[in-house]
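Novice: Let me give you the structure first, and then I'll get to my questions.
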Amino acid sequence: MINSSQVSFFFMTAYIDSTALTYLYFVVILLLYVFIIFSNVLLIVVICVNSSLHEPMYMFLCSLFVNELYGSSGLFPFLLVQILSDVHIISAPLCLLQVFVVHSYGAVEFLNLAVMSYDRYLAICYPLQYNTRMTPKKIAVLIALAWLYPFVAMSFMMSLVPVKLCRNQINKVYCDMHSLVKLACTETALTNIYGLTATFSTIFISLLLILYTYIKILVVCFSGSKQTRQKALNTCTPHLASILNFSFAGSFEISQSRFNMSFLPNVLRIFLSLYFLTAQPLFNPLMYGLKMSKIRNMDWALKPPTHMDATD
């Protein structure tokens, strides 16, 4: 038994010994990280400097892209260092920081997607009232809630990290809360209950809002013209793809943390675990950058502001 306040590092035991491919893995991971930074920063800058994109949907997209940078930066620098290391260890403070980043990133992502679905709901179902319902103040409040709630919840969860640990080996390629809980010698019921409650309340509330808004959108689409359905499809497709992609990644990561997934090959478990933190930062800029016409076109500054992409 060791006191976590005295633990200086943790061993990461999930890394595969592949000396021959070390530099290939390093280059691939580095290129992915560079692409994530470049694509997300590019779209953030495009949205910020073009006045025609200063609309609610693009403000929410900007928040989403910032979160992709935040989440990927909690993984990739650490991953690059570990790939080149002979001994895969992480200091206790950095491990705790990574736990905070990983979990808060997931919560912010779900809440951002929920806020974006609400925005699409207002734009498609109440186009004439959209500007009065989605005011700058309301936009700021929604973005603030999407960020502040996960940070406050995670700050409290970090105070529940077990004090007494029996081991300092984590069977993953990065740190997460449940991996630390598994190392505890003492009773961890309170931590588990709070973790499950915080996780599923965030996911449940987000998915419930998303489901409600898309039911309303479908009702409007099927009761409207073919042109209305096509416009709604164009603006909702990237959002739906992002929700499905992240829900799949999040579901596996939660299942792997809570249940024994040893029946799956180790390489597959590592891949799907990394997918949770790499898929969204990679795919969201591509989906939104290519699909949204006002981002895709290169003459933003020459175009007068239009209402919403729902009416492109």
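Values quoted throughout were computed directly from the atomic coordinates according to the rules given, and no laboratory measurement underlies them. The model shown is predicted, which means the values in this text are computed figures rather than measured ones. All Cβ positions, even for glycine, are placed from backbone atoms using ideal geometry, and neighbour counts span all protein chains on display.
Novice: Going toward the positive end of the dipole of segment 2-311, with +1 on Lys and Arg Cβ and -1 on Asp and Glu Cβ, which of Ser223, Phe10, Phe283 do you reach last?
Specialist: Of the candidates, Ser223 comes out farthest on the positive side.
Novice: Subtracting the Cα-Cα distance from 0.36 nm times the residue separation, let me have the gained length for Val45 to Arg133 in nm, one decimal. Write out the running numbers ahead of the final one.
Specialist: Working: separation 88, 0.36 × 88 = 31.68 nm, distance 2.65 nm.
Full extension from Val45 to Arg133 adds 29.0 nm.
Novice: Cut-off is 10 Å between beta-carbons; in what order do Asp17, Asp176 appear when sorted fewest neighbours first?
Specialist: Asp17, Asp176
Novice: Okay, moving on. Sorted by packing (mean other beta-carbon atoms within 10 Å per residue), highest first, where do 235-243, 55-63 land? Numbers along the way, then the final one.
Specialist: On the way: 235-243: 19.4, 55-63: 22.7.
Those peptides, ordered most packed to least, come out 55-63, 235-243.
Novice: Related question: About the Cα centre of the chain, how large is the charge dipole given +1 on each Lys and Arg Cβ and -1 on each Asp and Glu Cβ? Please answer in debye to the nearest 20.
Specialist: Charge dipole of the chain: 700 debye, to the nearest 20.
Novice: Count of lysine pairs in segment 2-311 with Cα atoms under 14 Å apart, counting only pairs 8 or more residues apart in sequence or on different chains?
Specialist: Going through segment 2-311 pair by pair, I get 5.
Novice: Which order results if Thr202, Thr135 are arranged by neighbouring Cβ count within 10 Å, fewest first?
Specialist: Taking fewest neighbouring Cβ atoms as first place, the list is Thr135, Thr202.
Novice: Using Cβ contacts closer than 10 Å as the measure, can you line up Phe283, Phe263 from fewest to most?
Specialist: In order of increasing Cβ crowding within 10 Å: Phe263, Phe283.
Novice: Rounded to the nearest 500, what is the chain's calculated 222 nm mean residue ellipticity when only DSSP H runs of at least 4 contribute -39500 (n - 2.57) each, over all residues? It would help to have the intermediate numbers written out before the result.
Specialist: On the way: 11 runs with 219 residues, N = 312.
Taking each H run of at least 4 residues, the total per residue is -24000 deg cm²/dmol.
Novice: Name the helices (complete DSSP H segments) of the chain with a Cα length along the long axis of 27 Å or more and a Kyte-Doolittle mean of at least 0.0, or state none.
Specialist: Values: long enough: 22-49 (40 Å, 2.74); 92-125 (50 Å, 1.14); 136-158 (33 Å, 1.45); 189-223 (50 Å, 1.68); 226-258 (46 Å, -0.38); 266-291 (35 Å, 0.80).
Those that pass (Cα extent of 27 Å or more, hydropathy at least 0.0) are 22-49, 92-125, 136-158, 189-223, 266-291.
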